[in-house]
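These notes are about the structure you will find just below.
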Amino acid sequence: MSFVYPYLFWILIVPFALFAALILTNKERLSRIFDAKVLERLSATQGSVPLVVRHMLMFAALFFMIVAMARPVIDKGDRLVSVEGLHVLIGLDISGSMRSQDQYPNRLEFAKKKIESLFDAMPSDEIGVLAFAHSSFMVAPFTADKKTLKEIIKGVDENYINMSSTDFESLATLSVQLLEHKSPKILIVFTDGGDKEALGEFAEILKLNDVDLYAVLVGTAKGAPVIDEKGKMLTQQDGSIAITQRNDALLEVAKNSEGMGAVASNSKEDIEKLVTAIRSKYKNQQQGEVKIKERLELFYYPLGLGLLLLLIALSSIPRKTADSKSPATSSGGKK
């Protein structure tokens, strides 16, 4: 037998032992504090359990409760448990075109809502998040804590947006590094797309490293003006308003990498279909094994015994009884 919290036992047992010793050995000090008549009233009446016995019962009850708090167990060794789930890496586009407002309130906020829907659809899977534009960086490490992931995603606001062009090669390089020891290697990208020429190297890196790409495209084919950090529409050299359109070339890249692509809609069906496809493909994949300790808990035995002794000790405390007869006041005395 061992204790899960042995330090708690020693922290409590030392002051408990000192307190018990003081109570049991300093009876004469009470006589110096209280008057003899007061002590007589405080003392147990005849027929009750002796005070010393009652004290011993209470101290024994407290001792067993301290033992229970230290959590005694019998160790049965370690056991490996298989954990079902997937490792998924999400890439969120934070390039300047994500400020465009052809999806409410803008492409970035719309993409974040779709990512939150993905979190809800994959509650037991470990998900990591990175952001990318001209360069890529980690936003959240792999975790199954979706509540924390949602809070992190909410913090990715317009201040993160980089007006530089999107570097998909940088995204591929960082994704390969983060997924190096994962199996299968799944990358889901939320973006408004990229030029077909710029996606060539991106697709090649993913293919060489067996990374399956799933793409969720935001924005409209018609497009919308590019907006800067001050909320003003950008213009081209000829003075015309710069328009950014959704580029669907990434859908073909996703298909060729044994993944799939989807255009984001206002409903949750797009994310549900994506997750269904992922689950179907990696149905029998395991996230890994977790080592857990098998223990036989024993704390309820000392806890139960302590409560029983405490009940006995308290039930033996004498109740206040009426005196045999209080002296009657004389009546009819002579005046």
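Throughout, read-outs are computed from the coordinates displayed, never taken from laboratory work. On a predicted model such as this, the values are computed, not experimentally measured, just so you know. Cβ: placed from backbone, ideal geometry, glycine included. Neighbour counts: every protein chain shown.
Taking the Kirkwood radius as the inverse of the mean 1/r across Cα pairs, report the Rg/Rh of the stretch 205-310.
Radius of gyration relative to Kirkwood radius: 1.40.
What is the set of long-range amide H partners of A215 at a cut-off below 5 Å, with H atoms built 1.01 Å from backbone N?
V189, M260, G261, A262
Taking loop as defined by DSSP and a crowding limit of 11 other beta carbons within 10 Å, which trypsin sites (Lys or Arg not before Pro) in the stretch 119-224 fit? Please list the in-between numbers first.
Values: sites: K146, K147, K150, K154, K182, K185, K196, K207, K222; in loops: K182, K222.
Those that pass, being in a loop and sparsely packed, are K222.
Please work out the FRET efficiency for the pair E269 and T220, using the Cβ-Cβ distance as r and a Förster radius of 25 Å; give the result to the nearest 0.05.
For R0 = 25 Å, the calculated efficiency reads 0.90.
Grab the beta carbon distance between N256 and M1, set R0 = 45 Å, and tell me the FRET efficiency rounded to 0.05.
Calculated value: 0.15.
For E151 and L303, what does the FRET efficiency come to when R0 = 30 Å and r is the distance between their Cβ atoms, rounded to the nearest 0.05?
Approximately 0.20, to the nearest 0.05.
Taking only the alpha-carbon atoms of the stretch 86-284, what semi-axes of the equivalent ellipsoid follow from 5 times the gyration tensor eigenvalues under a square root, in whole Å, largest first?
Taking √(5λ) for each eigenvalue gives 26, 18, 16 Å, largest first.
Quick one: plug the Kirkwood hydrodynamic radius of the stretch 136-224 (C-alpha pairs) into Stokes-Einstein at 25 °C, 0.890 mPa s, and report D in µm²/s.
166 µm²/s
Each residue of the stretch 249-265 in order: what ³J(HN,Hα) in whole Hz does its phi give by Karplus 6.51 cos²θ - 1.76 cosθ + 1.60, θ = phi - 60°, with x for Gly and Pro?
Whole-Hz 3J(HN,Hα) from phi for the stretch 249-265: 4, 5, 4, 5, 4, 4, 5, 6, 9, 6, x, 7, x, 8, 9, 5, 10.
Which value, in debye to the nearest 20, gives the size of the charge dipole of the stretch 86-284 about its Cα centre, when Lys and Arg are +1 and Asp and Glu are -1 at the Cβ?
Roughly 580 debye, rounded to the nearest 20.
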